[in-house]
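These notes concern the structure reproduced below.
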Amino acid sequence: MSSILNQHVLVLNRLWQAVNVCTARRALTLLVQGHAQVVLDRQDGSFQTYNFNEWQDISEQEPHSESIRTISFRIRVPRVILLLVYEHMPKKEVKFTRHNIFERDKNTCQYCGSTCDRQDLNLDHVIPRDRGGPTTWENIVCSCIPCNTKKANCTPSEAGMHLIRKPKRPKWRPFIQINFGVPYHDSWKHFLDLAYWNVELGESVS
Ligand SMILES: [Zn+2]
């Protein structure tokens, strides 16, 4: 029973953003205290939440291998929980993430001004990396694939291209950034795919 209680549970905040990982023991405590609800993927693209009593009923009605048993009841170990309590969001600078760069540039190529789906936009180093261009707010812009290809390894002036706007650090509030050092459970995928856009970028971005 102890190992199952130490399993990792993904914690979502009230905006359904992945913010943390805790142990199943902690998750069950939060559930019993009414500070959290269990999030379950209903396999039809929807998610349902359960408070402690509802989760206890489900655990009895639909026995699951990942359950623990006490003298009086059986309860399934949650994999994702939703926090109901207010979590203070620390005031931080806007995180330097893919999501926030796309937000700042409004999914618009900063060379030709065309708006694209995110999968059709690259992040471009204005001054190329191998010419000393840093991975910073001031040197990274959204670029459509044709512009990116045309610019290749040149500076804008060498390529005869112009930025439609000087890239700057934005002033609006950041999204929460996460980076967990534990293996992911399948049921976390949906939430972590969202979080991909919110991971802070380092020098590794290309
Ligand atoms: Zn373009």
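Which residues, taken from region 7-54, are in a helix (DSSP H, G or I) and open to solvent by 60 Å² or more (accessible area, probe 1.4 Å)? Don't jump to the end; show me each part of the working.
Kept after step one, since they are in a helix (DSSP H, G or I), are these residues of region 7-54: 24-32, 52-54.
Across region 7-54, the qualifying residues are 25, 26, 32, 53, 54.
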Study note, to complete from the structure: Residue hits (region 94-125; more than 10 Å from the ligand (Cβ to nearest atom) and part of a loop (DSSP other than H, G, I, E, B)) are 94, 95, 96, 105, 106, 107, 117
Point to revise | Some residue of region 84-92 being of a type in the set (Asp, Glu) and under 20 Å from residue 186 (Cα atoms) | key: no
Check your understanding: Is region 55-73 home to any residue that is open to solvent by 40 Å² or more (accessible area, probe 1.4 Å) and within 16 Å of the ligand (Cβ to nearest atom)?
Key -> no
Review point. Any idea which residue in region 122-143 is farthest from residue 162 (Cα to Cα), counting only those that are open to solvent by 10 Å² or more (accessible area, probe 1.4 Å) and among the hydrophobic types (A, V, I, L, M, F, W, C)?
Key: 123
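Only one of 4, 75 is outside any strand (DSSP E or B) and either of a type outside the set (S, T, N, Q) or within 30 Å of residue 136 (Cβ to Cβ) (or both); which?
Working: 75 fails: outside any strand (DSSP E or B).
From the options 4, 75, the qualifying one is 4.
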Review point. Is it true that residue 153 is part of a strand (DSSP E or B) and more than 9 Å from the ligand (Cβ to nearest atom)?
Key: no
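The values are calculated or read from the model by the stated rules, or taken from the named source; none is laboratory data. Worth saying up front: this structure is predicted, and the values here are computed from it rather than measured. No Cβ is skipped: glycine too gets one built from the backbone with ideal geometry, and neighbour counts run over all protein chains shown. With ligands, DNA and RNA removed, areas are computed over all heavy atoms of the protein, side chains included. Shrake-Rupley method; radii C 1.70, N 1.55, O 1.52, S 1.80 Å.
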